[in-house]
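One structure is given below, encoded as structure tokens.
Derivation of every value follows stated rules applied to the coordinates shown; laboratory data play no part. Please read all numbers here as calculations on a predicted model, not as lab measurements. Glycine also receives a Cβ, built like all others from the backbone with ideal geometry; neighbour counts cover every protein chain displayed.
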Amino acid sequence: MRNILLVLSGPSGVGKGTIVNYLLEEDKNLVKSVSCTTRAPREGEQNGREYFFISGQEFQNRILENDFLEYDEHFGNFYGTPRSFVERQLKERSVLLEIDVVGALNAKRLMPERAVLVMVTPPSMEELEKRLSGRGSETEEERESRLRRVRYELEQAHLYDYVLVNDDSRLTKAKIQEIIRKEKEK
Ligand code: ADP
Ligand code: 5GP
């Protein structure tokens, strides 16, 4: 059995966070890599749980120190995957990254033997808009900017190993558990 790097992507609001919580609850051999970001924490987010919230200056320093496996800029903020955490954990267990399309393709390029790319898509744009506004964590302008990126992200779906429509989060979680089981045996 191999440990895999499970990379989960999909438009903002599609339900990734919800699915990831289910997966981590049920599989103690799976650990999530917590990314660093320069964006401000949302209500209820804790430093070190959803993200490590760091300043732009610290982010730049860490880029120079080669601390990120990959990083990217979204909506005016930087996001990056900590290299040492991922490399260390992969010796013991599988690692989950919840990152965007560009980051996912970089992860695949850097770790082709390990990376398994899963894209989660919404049942429809209307449903996505509903979920995003239901979450209530962004201003209307921020939501618009996230929705504008959706088409681009969905167009990259063919580059992924698996594409799942997230109707029912529990069902999507079960499908991902099956993918993990199969991929570990490869
Ligand atoms: P993401 O992490 O992809 O941005 P979230 O997990 O934060 O998305 O989900 C966005 C919103 O949609 C949340 O309010 C969440 O409760 C809701 N949600 C998540 N999954 C589903 C689903 N399968 N059906 C309906 N609503 C969902
Ligand atoms: P959010 O602000 O909604 O938490 O995340 C915005 C976007 O950044 C999402 O598409 C998310 O997947 C992406 N993201 C989060 N962490 C990382 C990371 O470490 N690297 C990359 N490339 N993207 C990330």
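Among 134-144, 29-39, the peptide with the highest mean count of other Cβ atoms within 10 Å heads the list, and the full ranking is 29-39, 134-144. Between Glu70 and Thr81, the built amide H atoms are under 5 Å apart, and every one of these is 5 or more places off in sequence or on another chain. Helical content of the chain, expressed as a calculated mean residue ellipticity at 222 nm, amounts to -13000 deg cm²/dmol (DSSP H runs of 4 or more residues, -39,500 (n - 2.57) each, divided by residue number, nearest 500). Using the Cβ-Cβ distance between Glu142 and Phe85 with R0 set to 35 Å, the FRET efficiency works out to roughly 0.80.
Phi angles across the range 44-52 convert, under the Karplus curve 6.51 cos²θ - 1.76 cosθ + 1.60 with θ = phi - 60°, into 3J(HN,Hα) values of x, 7, 10, 4, x, 9, 6, 8, 8 Hz, Gly and Pro given as x. Counting lysine pairs in the chain whose alpha carbons fall under 20 angstrom apart, excluding pairs fewer than 8 residues apart on the same chain, gives 28.
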